[in-house]
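Okay, structure first, notes after.
Coordinate-derived values only; no laboratory data. Remember, predicted model here, so these are calculated numbers, not experimental data. We place every Cβ from the backbone using ideal geometry, glycine too, and count neighbours over all the protein chains shown.
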Amino acid sequence: MHREIDKDVRPDYPVSWQAVAMISLMRSTMRPISSIFLRHPAALTMACRAVELTRRLPSRLPEHVRIAEERFGACGGEWVRAGEDLDEGKVLLYFHGGGYFFCSPATHRPITWRLSAVSRRPVLALDYRQGPVYSLAESLTDAVAAYECLLGRGYSGSDIILSGDSAGGHLTLATLLALRDSRMPLPAAAICLSPWTDLTDAPRQTNRWLDPMLPAGRVEWLARRWTDGLDPKDPLVSPAYGDYTGLPPLMIVTGSTEVLRDEARRVAQQARRAGVPVRYEEWRRMPHVFAILADVMPEARLLFRHISRFLAAAQAIPEPVCTSPDGPGAGTAAA
């Protein structure tokens, strides 16, 4: 089972016409919109207000999918259940993406209901606090608190899977490191979709002009804003600099043309050096967090089959021993 996980995978499926159409649409719409919004703090506030409207819009979900609201201290969330025969003794805790200022559990239901289906368990999508009002530290506090709440409700670490996309992938990795450093029970596995892992001011050259969705300069601007007053190389701020000793199996998914591709690959390499089984998947020409496009793109639907196989293999691996590394791997600045 270890061999099924610890490897690089570059799926060679033909790129579908739906993917070609979506990539073209993103390049002509999402990329220019990102360039406009990620230039001024006032634009972030406008984007946050736009997200609030999405919470009131009806969702187009299959009839077997049920949504229920949940509260966790300073934040909220929603339970997503895809089917009636789920294992209610297990749970997947999901952190949505959106650059720490955008999106919500509602926007990411195309991902969360499918994760519930392939993991055969309920998904708790956390509505953690975000900027520009709140800091990275408060987002991380919410994530750890939600995990602790699940433990308090009787779930063991081996009953829990963590997952997130983009900024939510960053939060997934930071949460793992924080849990490990606090010597808390660790989850059985974690899945990161197009994770944002390096918030330093290092310029991004790879795929700078190929990414159809994210302008590299705007990602760098947002990173500088969120790390103001912090050490950007603290592993809880930039998980790309973390020591992954003792963590559970990871699945990391990227697209080959993403501007964030190389920093996700760096995490996979560092985790492997620390003895963590990592399944790194790099999908040809797929855009940032393409899993969210599963309603229209066949490649995104295929990805969930890969996730299902990873989870089956990961849960056959013995539970990791929670150990805190000595030296520079343990981050504290954002805790």
Hz values of 3J(HN,Hα) by residue in region 288-297 - Karplus curve (6.51, -1.76, 1.60), Gly and Pro given as x:
3, 6, 5, 4, 6, 9, 5, 5, 10, 10
Alpha-carbon centroids, region 221-249 and region 73-111: separation in whole Å:
23
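Within a 10 angstrom radius of the beta carbon, how do His96, His170 rank from fewest other beta carbons to most?
Working: His96 28, His170 33.
Ordered from fewest to most neighbouring Cβ atoms within 10 Å, His96, His170 come out as His96, His170.
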So between Thr29 and Ala312, what do we pick up on full extension, going 0.36 nm a residue minus the alpha carbon distance?
98.1 nm
Provide the FRET efficiency to the nearest 0.05 for the Val133-Asp262 pair, computing r from the beta carbons and using R0 = 35 Å.
0.65
How far is it, in nm, from the label point at Trp209 to the one at Trp17 when both lie 7 Å from their Cα along the line to the Cβ?
3.0
Suppose a student asked you for the relative contact order of the chain, using Cα pairs under 8 Å spaced at least 6 residues apart; what percent would you report?
22
Options (i) 62, 54, 38; (ii) 47, 46, 41; (iii) 73, 35, 33 - which one matches Cα extents along the principal axes in Å as calculated here
(ii)
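Is the shape of region 197-268 rounded, prolate or oblate, going by the alpha carbon gyration tensor and its root eigenvalues a ≥ b ≥ c, with a/c under 1.5 for rounded and a/b larger than b/c for prolate? Please report the intermediate quantities before stating the final value.
On the way: a/c = 2.63, a/b = 1.14, b/c = 2.31.
Cα axes put region 197-268 in the oblate bin.
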What order do you get for Val278, Val123 when you list them from fewest to most C-beta neighbours inside 10 Å?
Val278, Val123
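Rounded, prolate or oblate: which one fits region 220-322, using the alpha carbon gyration tensor with axes a ≥ b ≥ c (rounded when a/c is under 1.5, else prolate when a/b beats b/c, else oblate)?
Here region 220-322 falls in the oblate category.
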Two pseudo-spin positions, 7 Å from Cα along C-beta at Glu70 and at Arg301, lie apart in nanometres by 2.8
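Based on the alpha-carbon gyration tensor of region 78-136 and its eigenvalue square roots a ≥ b ≥ c, which shape applies: rounded if a/c is under 1.5, prolate if not and a/b is larger than b/c, or oblate?
Working: a/c = 3.49, a/b = 2.38, b/c = 1.47.
Because a/c hits 1.5 or more and a/b exceeds b/c, region 78-136 counts as prolate.
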Alpha-carbon Rg/Rh ratio, for region 126-223, with Rh computed the Kirkwood way
1.03
When the chain is modelled as a GNM with alpha-carbon springs shorter than 10 Å, which of Ser16, Ser238, Ser308 fluctuates the most?
Ser16
For Tyr134, other-chain or 5+-apart residues with amide H closer than 5 Å (H placed, Pro excluded) are none
